[in-house]
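A short worksheet on the structure shown next.
No value in this document is a laboratory result; all are computed from the given coordinates. The model shown is predicted, which means the values in this text are computed figures rather than measured ones. Here Cβ is always computed from backbone atoms with ideal geometry, including for glycine, and neighbour counts include all displayed protein chains.
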Amino acid sequence: MLLLQQIVNSLMLGSVYVTVAVAFTLTIGILNFLNFTIPTLFMFAAMIGWALAYWGLPGGLTGPSYWPVALAVGIIASMIVSLVVERFTFRIMKTKYGDSTEHAIPLVSSLGFLLIIENLVRIGYGTDAQRFPGPSADLTMSIGGIFVRVPQFVSLLFVVVIVIGLNWLLRTSRLGRGLRAIAENPDAANILGVDMHRIVPVVFMLTGLLCGLAGALFAINYGEVSPQMGEDIGTKAIAGMVVGGLGSIWGAVLGGLIVGLTEVMTIHLFGADTVQVAVWGLLLLTLFIRPQGLFGHSAIGKGKL
Amino acid sequence: MLLDVSRLDVNYGRTRAVKQVSLSVREGEIVTVLGANGAGKTSLLRGLQGAVRPAGGKILFDGTDLTQAPPSARVRNGMMLVPEGRQIFVSMTVHENLLMGSYMRADADVSRDMEAIYDRFPNLAERRNMKASVLSGGEQQMLAIGRALVGRPRLIMLDEPSLGLSPLFVGKLFELILELNKSGISILLVEQNTTMALEVASRGYVLELGSAVLEDDAAALSNNTALTEAYLGGGHGPAAGGTHAHA
């Protein structure tokens, strides 16, 4: 029973990793680009949400009960920041100094955005963790003797719906086909009329949306936000993505859950200090045994997503 | 005049691959562009489709200036390029590949056109839900042409469609080109298989080192034996071999 309880707990934790890992894998799969601003977007949505809930929204919407509105604004803010990042890292820097095979410029400039935004938030709000005035995280229900915290359970359902929706978008819609075409062969996609300059911002908007949602879910579930909250989540989501296989959405889902499980079980068995060792040990082990990850393609760079 | 190109310059990296080329395709015509490897044929087609932005000159399609327009605008106006090496999407199904041809179409008749493609290519219909990677080279070429057709083009530009195909498939391919042309689609054909290309085309241009050095009726070009020697790098033999693929 205790084991089952731990598995349920890890599912809940893993759902946050899953959302961020999916954001990473989306950008890698479509644009072949490790977007380092992702942890910052995650933090940004939560911090803006907290600040608005704390100091009040414009129009006199003050008071903790407006937290859902505050988080929604935070998510939108994170999408806007993501679009700004696209302008600079991808459109301006890459077209000016790189070519279609250039990966280092977007990667390094996105890392620059990570550090700048994180430190701006630190300057604005301080480095302390802040209490988020959301719903009571202690609200629990019991299913057959297993305790489930209600907000976490709702988040998990939310994540499942989002991943299924994203997958549906990629598989069946015109936009999704365009994205997959760019992922596999940008040149052939271009010739058929898929416009990179129109579709790349969509990828970044989806990234901002996923990260913002993950940040909001985190704020609700753990009742605490801070300027450095993205760092830990970011590294674990990258580990989850690699374990699942680069560019695979379902791989990111499974990888994120596995990382959540590894974390909960390691804490349970060996204590919190060993978590990073276990998670990154798992990542290295995956690279040794199955470098393409659980669901990845053996030939990296071909036919992703 | 459907396609009217004047003094077109196209760069390939830092070198000028196409220099001051003027050419035209009339409605309903098959025009071929010949030339040795590296003569600039592929760059010419990529410049025409907008995959590379032309460095100079003018491209008029049915009177509309598309010189600096993105490929999406060219596709919307009815230009379609079937690129060298097919460039189909191997991670997608056959059906999804065909749908990519309709990317710029907003009307509701796409599914009817798709069925017409399947009627024309039964091999593709049988494999419509399989990954395109399972197709043979010939079938992949049919898929690439089918994908272009779903876009309802008025002009199809084919870049070396016979490359790597078996002699049997080359014959089928040129039959298909004639059929498409009869159905009203104009064709700009880049080929190394000079013999076959001149058999189906009404006019031809010869490119050398990026410049158009010769323009004539296909029949006149076929009889011009000095041509093959001088510009096409020889090796293609006299116009006798019928359906044989190029060397």
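Beta bridges from DSSP with both residues in chain B: antiparallel share about 55 percent, rounded to the nearest 5. Taking other residues whose beta carbon is less than 13 angstrom from the beta carbon of B:Asp159, and scoring Lys, Arg as +1 and Asp, Glu as -1, yields -1. Note on chain B: with a GNM built from Cα contacts shorter than 10 Å, the maximum mean-square fluctuation among B:Thr93, B:Thr15, B:Thr32 falls on B:Thr15. If you take all other residues with their beta carbon under 13 Å from the beta carbon of A:Ser173, and give Lys and Arg +1 and Asp and Glu -1, the sum is +3. When both bridge partners sit in the protein assembly as shown, DSSP labels roughly 60% of those beta bridges antiparallel.
Considering only B:Leu98, B:Leu45, B:Leu178, the mean-square fluctuation computed in a Gaussian network model of chain B, springs between alpha carbons under 10 angstrom, is largest for B:Leu178. Extending 7 Å from Cα along the Cβ direction at B:Tyr12 and again at A:Asn167 yields two label points whose distance is 4.4 nm.
Each part reduced to its alpha carbon centroid, the range A:191-260 and the range B:46-122 end up 33 Å apart.
Going by C-beta contacts inside 10 Å, put B:Leu232, A:Leu115, B:Leu188 in order with the fewest on the left. Kindly include the intermediate steps, with their values, before the conclusion.
On the way: B:Leu232 19, A:Leu115 12, B:Leu188 27.
Least to most surrounded, the residues fall as A:Leu115, B:Leu232, B:Leu188.
Look at where the Cα atoms of the range A:1-77 and of the range A:103-172 average out, and the two centres are 3 Å apart.
Sum -39500 (n - 2.57) across every DSSP H segment of at least 4 residues in the protein assembly as shown, then divide by the residue count to get the 222 nm mean residue ellipticity, nearest 500.
On the way: 22 runs with 303 residues, N = 552.
Computed mean residue ellipticity for the protein assembly as shown: -17500 deg cm²/dmol.
Calculated on the Cα set of the protein assembly as shown, radius of gyration then Dmax: 28.4, 91 Å. Largest GNM mean-square fluctuation across B:Ile156, B:Ile59, B:Ile117, computed for chain B with C-alpha springs under 10 Å, falls on B:Ile117.
Taking a ≥ b ≥ c as the square roots of the Cα gyration tensor eigenvalues, with a/c under 1.5 meaning rounded and otherwise prolate when a/b beats b/c, else oblate, which class fits chain B? Each step should come with its number before you reach the end.
Numbers: a/c = 1.75, a/b = 1.24, b/c = 1.41.
Oblate, because a/c is 1.5 or more while a/b does not exceed b/c.
Dipole size of the protein assembly as shown about its Cα centre, with +1 on Lys/Arg Cβ and -1 on Asp/Glu Cβ: approximately 500 debye, rounded to the nearest 20. Other residues within the sphere of radius under 15 Å centred on the Cβ of A:Cys211, judged by their own Cβ, net out at -3 (K and R +1, D and E -1). Footprinting exposure proxy ranking of A:Val18, B:Val190, A:Val242, A:Val73, fewest other C-beta atoms within 10 angstrom first, gives A:Val73, B:Val190, A:Val242, A:Val18.
Within straight-line reach of B:Lys182, meaning a Cα separation under 13 Å, sit the following aspartates and glutamates at least 8 residues removed in sequence or on another chain: B:Glu27, B:Glu29. Counting every other Cβ atom within 10 Å of each residue's Cβ, A:Trp168, A:Trp280, A:Trp67 order from fewest to most as A:Trp168, A:Trp280, A:Trp67.
Under the simplified labelling scheme, the A:Ile123-B:Ser211 pair shows an inter-label distance of 6.0 nm, with each label point 7 Å from Cα along Cα→Cβ.
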